[in-house]
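The structure appears right after this line, and notes come after that.
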């Protein structure tokens, strides 16, 4: 059996689960952000080690923290807020079992290139155990 | 010479020959020596009566888990079907300091808060004083 990876066991399943959301989903920070967009990026701290036992490459286990950034176009404030609220709800509904949904940060206006985006971050966590 | 610090990563726990390190967040083996105190005309004296032990575990709840083996389900099954049958354990405090003994199973709690990962804490009563092997 091939060794598991965080990509195969955590990031890819999360990206696959979010693929059903009506937005462009990225498991990395894209150069440009075609809105609406959902971007999964590592949170800080990225890994937390909260279980006992020796950590080796074959017994690696940790809590993994991610930020899911929800981005919509910022033009009309009421419409943008409604859009991002709906996007947040659809993202949270799509997050698979086994993830702690910690909090949603307040939306902020972020300039990306020439565009203004309304962005809200969802922090989620899960536990990863290496198997091989 | 610098002090060698040992951490939670040095700990290791097996119960009934199965390792539960991946889901255990805290494990403490406590051995109690019960003494009676007597006030004599020469002053207070103590007399050791009995030794008890208990293994306290806090862990990520693993109901329904297959890999690694579910400790919650193993404890529940053992407590349901063979409550008076002890289970052997090996508790490594650090390399070269290994405690062994037996504990009786107990029923783990189930549940948690909406926000966080489900966790459970329970204490297993030891059958006797653990045996410490120093190597």
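Structure above, values below:
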read-out	value
Angle between chain B longest axis and helix B:71-81 axis [Cα atoms, degrees, rounded to 10]	70
Relative contact order (percent, whole number), chain B, Cα cutoff 8 Å, 6+ residue spacing	26
Those residues of the stretch A:63-85 whose amide nitrogen sits under 17 Å from the label point placed on residue A:123, 7 Å along Cα→Cβ	A:63-70
24 Å tail of the calculated P(r), chain A, as % of Cα pairs	33
Rounded FRET efficiency, nearest 0.05, which uses the C-beta distance separating residue A:9 from residue B:132 and R0 of 35 Å	0.40
Distance (nanometres) between label positions extended 7 Å along Cα→Cβ at residue A:79 and residue B:30	6.3
Alpha-carbon centroids, the stretch B:108-135 and the stretch B:18-44: separation in whole Å	16
Cα long-axis angle, helix A:77-94 against chain A (0 to 90 degrees, to the nearest 10)	20
Partner chain coverage, peptide A:44-51 - average Cβ within 10 angstrom	3
Residue A:44 paired with residue B:3, simple spin-label distance in nm, labels 7 Å along Cα-to-beta-carbon	3.1
Relative contact order computed over chain A (Cα-Cα under 8 Å; 6+ residues apart), in percent	29
Inter-chain shielding of B:21-28 (mean C-beta neighbours from other protein chains, 10 Å cut-off)	5
Chain B, helix-only ellipticity at 222 nm - DSSP H runs n ≥ 4, -39,500 (n - 2.57), divided by all residues, nearest 500	-2500 deg cm²/dmol
Evaluated at q = 0.11, 0.15 Å⁻¹: base-10 log I(q)/I(0), Debye formula over Cα of the protein assembly as shown	-0.76, -1.08
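None of the figures in this text is laboratory data; all of them are computed from the coordinates on show. Worth saying up front: this structure is predicted, and the values here are computed from it rather than measured. FYI the Cβ positions are ideal-geometry reconstructions off the backbone, even for glycines, and counts take in every protein chain you see.
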